[in-house]
Amino acid sequence: MNFLETFKVAFEAIISNKVRSGLTMLGVIIGVLAVILLVSIGEGARIYITKELTGLGTNLLIITPGKTTTSGGFHPPSAGTVRKLTYDDSLALRRRAWLLTDAVPIVLGTGKVKYQNKFRDTTIIGTTAEFERVRNLFVDTGSYVTQADVDSKAKIAVLGRKVKDELFGAESPLGKVVMLSDARYRVVGVMRKKGMSLGWDVDDVVFIPVTSGQELFDTDAIFEIIASTPRAEDTDRAIGQIKDILTRRHAHKEDFTIMTQGAMLATMNTILGVLTAVLGGIAGISLLVGGIGIMNIMLVSVRERTREIGIRKAIGARNKDIMAQFLIEAMTLSAAGGVIGIALGVGISLLIPVFVTVLPTSVSLWSILLAFFFSVAVGVFFGVYPARKAALQDPIQALRYE
Amino acid sequence: MIQLTNITKTYRMGEVDICALCDVSLRVAPGDLIAIMGPSGSGKSTLMNVIGCLDRPTSGHYLFENKEISSMVDDDLAHVRNAKIGFVFQSFNLLSRFPAIKNVEMPLIYSGVPSRLRRERAIPVLEKVGLKERMFHTPGELSGGQQQRVAIARALVNNPPLLLADEPTGNLDSRSGAEILNIIVDLNKQGVTVMIVTHDKDVAARCKRTINLKDGWIVGDEATP
Ligand SMILES: Nc1ncnc2c1ncn2[C@@H]1O[C@H](COP(=O)(O)OP(=O)(O)O)[C@@H](O)[C@H]1O
Ligand SMILES: [Mg+2]
């Protein structure tokens, strides 16, 4: 008896009991659906974050004060600093590290921005003119912070789109005076709309000269220096230059940390990879439960068809023919459930971003193949025991069974 | 064709062994038509099952066409059942999910006959038992006599040299029973060796030879005068 014949026999059994077959498959369908769905959400998150991180600008190097032993990872914006980085450090890098195109000092804090009787709590960032270029942010109307503003500690502000909309509405803010804490700042520009980036609203920001920021936050340190190299290949050498220049300025101590975009990406990829695997694993358990459902039904089915097994044996079916019949029946159930589950999973994965825009998904081929392979394997694994039980029945006993 | 030597089949019932077949020796020549008689529980079905390779004797030798059956593995027994022996049961034993034609084709599946040829071979056999017009009816849509005819067609589809019938008319009214018996006797005339279990003296009278069993022993084996 060849494979096709065995398959036909198994298929006849499946369609002759449609409701039961359907319910049995449902367990596998849900399991596979969950695997595909959760993995595609995990993958979607990974791809989204990768895109956002690379979208920050090209080959950024972020220098923060204090030495951390781990490479990469995120620092909360308000991390307390052990040793200070100064504006002069950034100037030194700008002057002497020739592999860097920019070295932008940043001070950062939250504060109240007020215009007439309206106010808003927002992020205030003190930078220099190059920040625009380094972070791919651009002024829409008016102008950005200039070097002259930095040098003269000018009380000027550039508003993020949302801040402008909230405080001024349709009115033009250029030349108007806003209050930052208790200081008066003249608005010189409005940023182009950018939207969310890594959970941070880039439009909900006020930019001011870094020197004015130090005064505003009452500090002579800076929070971080964002540097950039034009070519990715130069990253390692650029790190060397930065270390060279800064350790010499810091009494030969490496009391700062240089984080590269690559390192951040690698860390995030690892975290999200693990997350995806965990989600997939949890979904895999439900697939396993589906498999147990198949075994359960197959055992019932073997018992119910004891007489059929006896008859088939009496007319010449070998043990392996009976074994194959029930094993293929189990595999067909699980594989069909797998295919339906994949179709539903892919369909829903593709639909999610349409209805829930914050939840990007990415259907990956490997998760489809894995889910299919796994569902067939579940059929084999949980089908073997009932099939063996069927095959090893004594023909006389089986024929007598009522 | 068949030679049984000192065949014994015992069942263990609690502490004691009961012997369903005791030291049975028997020869069957090709073309024979044998009635097996005896009271209920005398071992008739057990004898048929052993000869039909459905059951293994506890001891003794069984030669079928000069091959030793007792030492065969399961797969070889399956092959003998498939190719050499047709079995007809009292309770028909058809698969109710399938139409008559599928039931008749079924042994051919296990002989590896491709599906197109199966139909080609099954139809004339159904025709022979007079059920060609009903070939797409399922067993539930057929009378007892018709079902038994399907069962006979299934037993014959592989042209086996031996047909075993265990009380084939036991579940039938006398008219259908007589028809079934006519079919079986006809088959013997065409050369098939037949062994038939029956309680009916008239049936035995139509056979060439009658074997009587009692408590697992052969107590009589005589040719019909
Ligand atoms: N599976 C079994 N377990 C125990 N005893 C059995 C089994 N099959 C048959 N027997 C016994 O073997 C004897 C012969 O049975 P059987 O061959 O069916 O008789 P018959 O067909 O002549 O009525 C009976 O006593 C019966 O109880
Ligand atoms: Mg009996």
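Brief remarks on what is shown
- For segment B:186-200, the tally of residues that are within 20 Å of B:Leu172 (Cα to Cα), more than 16 Å from ligand 1 (Cβ to nearest atom) and surrounded by 15 or more Cβ atoms within 10 Å (Cβ to Cβ) stands at 2.
- Every test in (1) buried (at least 20 other Cβ atoms within 10 Å of the Cβ); (2) assigned to a helix (DSSP H, G or I) is passed by A:Leu265 save one, and that test is (1).
- Selection status of A:Gln147, polar (S, T, N, Q) and either farther than 23 Å from A:Tyr87 by Cα or touching a Phe, Trp or Tyr at 6+ places or on another chain (Cβ under 6 Å) (or both): no
- Some residue of segment A:320-327 being in contact with a Ser or Thr (Cβ under 8 Å, 6 or more places away or on another chain) and away from chain B (no Cβ under 14 Å): yes
- Counting the residues of segment B:1-41 that are crowded, with 21+ Cβ neighbours inside 10 Å, in contact with a Gly (Cβ under 7 Å, 6 or more places away or on another chain) and farther than 23 Å from B:His79 by Cβ gives 2.
- Residue selection: B:Ile152 fails the criterion of being within 16 Å of ligand 2 (Cβ to nearest atom), modelled with pLDDT of 95 or more and under 17 Å from the mean Cα position of the chain (by Cα).
- Tabulated pairs, segment B:192-216, first away from chain A (no Cβ under 14 Å) and in contact (Cβ under 8 Å) with a residue 40 or more places away in the chain, second within 11 Å of ligand 1 (Cβ to nearest atom) and among the basic types (Lys, Arg), C-beta under 6 angstrom, 6+ apart or interchain: B:Val197/B:Lys44; B:Leu213/B:Lys44
- One residue alone among B:Ile101, B:Ile18 is in contact with a Phe, Trp or Tyr (Cβ under 8 Å, 6 or more places away or on another chain) and within 16 Å of ligand 2 (Cβ to nearest atom), and that residue is B:Ile18.
- Number of the condition not met by A:Thr276 [criteria: (1) farther than 26 Å from A:Gly126 by Cβ; (2) surrounded by fewer than 16 Cβ atoms within 10 Å (Cβ to Cβ); (3) touching a residue at least 60 places away in the same chain (Cβ under 8 Å)]: (2)
- Selection within segment A:174-213: residues that are among the β-branched types (Val, Ile, Thr) and in a strand (DSSP E or B). The member of this set that is farthest from A:Gly44 (Cα to Cα) is A:Val177.
- Of the criteria (1) of a type outside the set (Asp, Glu); (2) within 30 Å of A:Arg96 (Cβ to Cβ); (3) at pLDDT 90 or above, which one A:Thr219 fails: (3)
- Taken together, the residues in segment A:227-251 that are hydrophobic (A, V, I, L, M, F, W, C) and either over 14 Å from A:Ile63 (Cα atoms) or under 27 Å from the mean Cα position of the chain (by Cα) (or both) amount to 3.
- For B:Pro99, the criteria (1) away from ligand 1 (no atom under 12 Å from the Cβ); (2) free of Cβ contacts under 8 Å to residues at least 24 places away in the same chain hold in every case but one, which is (2).
- Scanning segment B:81-95 for residues that are within 9 Å of another protein chain (Cβ to nearest Cβ) and surrounded by fewer than 20 Cβ atoms within 10 Å (Cβ to Cβ) turns up B:Ala83, B:Ser91, B:Leu95.
- So B:Leu26, is it more than 13 Å from chain A (Cβ to nearest Cβ), away from ligand 1 (no atom under 14 Å from the Cβ) and in contact (Cβ under 8 Å) with a residue 40 or more places away in the chain: yes
- Filtered by the rule that a residue be in contact with a helix residue (DSSP H, G or I) (Cβ under 6 Å, 6 or more places away or on another chain) and near ligand 1 (Cβ under 8 Å from one of its atoms), segment B:30-53 gives B:Gly38, B:Asn49.
- Matching residues, segment A:214-239, being crowded, with 21+ Cβ neighbours inside 10 Å and part of a loop (DSSP other than H, G, I, E, B): A:Phe223, A:Thr229
- Pair list, Cβ < 9 Å and 6+ apart or interchain, from segment B:105-125 residues that are buried (at least 16 other Cβ atoms within 10 Å of the Cβ) to residues that are aromatic (Phe, Trp, Tyr): B:Glu105/B:Phe98; B:Met106/B:Phe98
- Filtered residues of segment B:155-183 (kept if within 16 Å of ligand 1 (Cβ to nearest atom), of a type in the set (Ser, Thr, Tyr) and not in a loop (DSSP other than H, G, I, E, B)): none
Results for (1) under 46 Å from the mean Cα position of the chain (by Cα); (2) more than 14 Å from every other protein chain (Cβ to nearest Cβ), shown as yes or no for each residue.
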site: A:Gly273; (1), (2): yes, yes
site: A:Ile285; (1), (2): yes, yes
site: A:Ile294; (1), (2): yes, yes
site: A:Val302; (1), (2): no, yes
site: A:Arg307; (1), (2): no, no
site: A:Ala317; (1), (2): no, no
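- Applying the set (1) more than 20 Å from A:Val158 (Cα to Cα); (2) without any contact (Cβ under 8 Å) to a residue 40 or more places away in the chain to A:His250 leaves exactly one unmet item: (2).
- Top-ranked residue of segment B:157-174 - restricted to ones that are touching a helix residue (DSSP H, G or I) at 6+ places or on another chain (Cβ under 7 Å) and more than 18 Å from B:Val197 (Cβ to Cβ), ranked as surrounded by the fewest Cβ atoms within 10 Å (Cβ to Cβ): B:Asn158
The values are calculated or read from the model by the stated rules, or taken from the named source; none is laboratory data. Remember, it's a predicted structure, so these values are computed and weren't measured experimentally. Neighbour counts run over all protein chains shown; Cβ positions are idealised from the backbone, glycine included.
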